[in-house]
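A short worksheet on the structure shown next.
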Amino acid sequence: MKTLYTRIIVTMFLILLLSGAISLLISNVAYYTWWQPSYSEKTERVAKMAESYVEIHTDLDYDAFYTFLAATGYQLVVVDSADERRRFGGAFRDETISDTVIQSVRNGAPYQGMRDFPFHLFLLGLFDNELTNTYGFTLENGDVIFIRPDLSAQIRELHLFVGLFFALVTLLTFGLIAISTRSLVRPLQTLTKATTSVAMRKAPEHLPVERQDEIGTLARQFQNMSNEIDRTEARQRRFVSNVSHEFQSPLTSLVGYAEKLADGTEGESKEYARVIEQETKRLSQLTRQLLLLSRLDENPPILETNVNVLQSVSEVIQMNAFILDQKGIAVVTDIPQDVVLKSDPVLLAQVWNNVLVNAVHASRDGGTIHITCTVDPGIVISVTDEGIGMDDETKEHLFDRFYRGDTARTSQGTGLGLAITSDIIDLHGGNITVESSLGIGTTIHLHF
């Protein structure tokens, strides 16, 4: 995928090429339309003056005269009466010319090759150094002369100057385009990073809000949008926290009454009481998790306690011994005894518990859950089950709040456990990766 910076550079390059081609075409048309006839007439006047001069001032030493013409900046080919050719001055790129033309000039008709030189789309006739692009005339001694200005001799320094000038202009143009384009793209890259930060529920940084152009306007509007999102989320968190707090006390009472009803009744009424007890406990767990999420969002705890990972994991496994025994699931750990994390013991236990309970719910009866730890380069805790696995859609939304996959894992849970786990791992500056295949099992890697 091409970056915006590359696109702008390539576009500018193509614009320069296209502008150069169009300019050359227009200049070429202008030369053939207006300048070519006058250029040919100047050469014709020089040829006629030379014809008169040689007869009066040179004692008919024609070779000396031809050499003199060449020294003054002309190139010429002389065809004598025996049809032998001699060249004076610079060489022609192509010295081909028909015998018919030579005979016509010898018969007294001047050759207007410069004036009648055919149009070429991107080749300027002024610089086309061919014998057919000359003026031809004859002297009294019978020599036929084809002459044209020797531009390489006349304006060699000008060629060098123009070549250096355009080379420097091209290099400087590309350099300035590259610099100016980078200054244009840099704030767009900053805005791109800002959108990523907002998507990760982080505050955008270094927005170019001080600029007074369209990018500055976009940055200020983006900043306002981010602030409004923060305010909206803060109101939502306060609402959830308040509602969860208000629900917790009556739900605790309902759990107690439901337990008493279940213990004091028989038959169908007892079953109803058990259902009430289970659902009330689930609602109570939901409110506790919502309160924890609100606390993590609003007042992130300070992670300053050294927690032994093996000890913390072992305590969580012991705490879940009952549900593990119910399903006949064995937990195998491979964690070095000296691995320590700087964290909050309660939050870290919450992480192990959420991931372990999720693995238990996904596992088949009699299965095995493996918990391993690697310490290179950072600490990575991996929890692997031999359960039902999950599809790609479930993996994509696994850490979304209130999400429970369709392949999931029975009707247990609230859909908040792994979301809480993800938030806690974020507090440690880490991340979570998942490997899973349907029917094979799942591995969750916790990177600290």
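The values are calculated or read from the model by the stated rules, or taken from the named source; none is laboratory data. For clarity, every value in this text was computed on a predicted model and none was experimentally measured. Every residue, glycine among them, receives a Cβ derived from its backbone with ideal geometry; neighbour counts consider all protein chains shown. Note: accessible area is taken over every heavy atom of the protein model, side chains too, but ligands, DNA and RNA are not part of it. Shrake-Rupley method; radii C 1.70, N 1.55, O 1.52, S 1.80 Å.
Worth pointing out:
- Extension gain for residue 112 to residue 99 (0.36 nm times residue separation, less C-alpha to C-alpha distance): 3.1 nm.
- Heavy-atom accessible area per residue - the range 302-447, 1.4 Å, Å²: 49
- Estimated FRET transfer efficiency (residue 393, residue 30; beta-carbon r; R0 56 Å; 0.05): 0.25
- Accessible area of residue 312 in the full protein assembly, 1.4 Å probe (Å², nearest 10): 10
- The solvent-accessible area of residue 440, taken with every protein chain present and a 1.4 Å probe, is close to 120 Å².
- Set of lysines with alpha-carbon distance to residue 260 below 17 Å, sequence-local pairs under 8 removed: 270, 281
- For residue 75, nonlocal amide neighbours, meaning residues 5 or more places apart or on other chains whose placed amide H falls under 5 Å from its own, are 148, 150.
- Straight-line cross-link partners of residue 193 among the lysines, defined as a Cα under 21 Å from its Cα and at least 8 positions apart when in the same chain: 2, 202.
- If the Kirkwood radius is taken over C-alpha pairs of the range 302-447, then at 10 °C and 1.306 mPa s the Stokes-Einstein diffusion coefficient equals 103 µm²/s.
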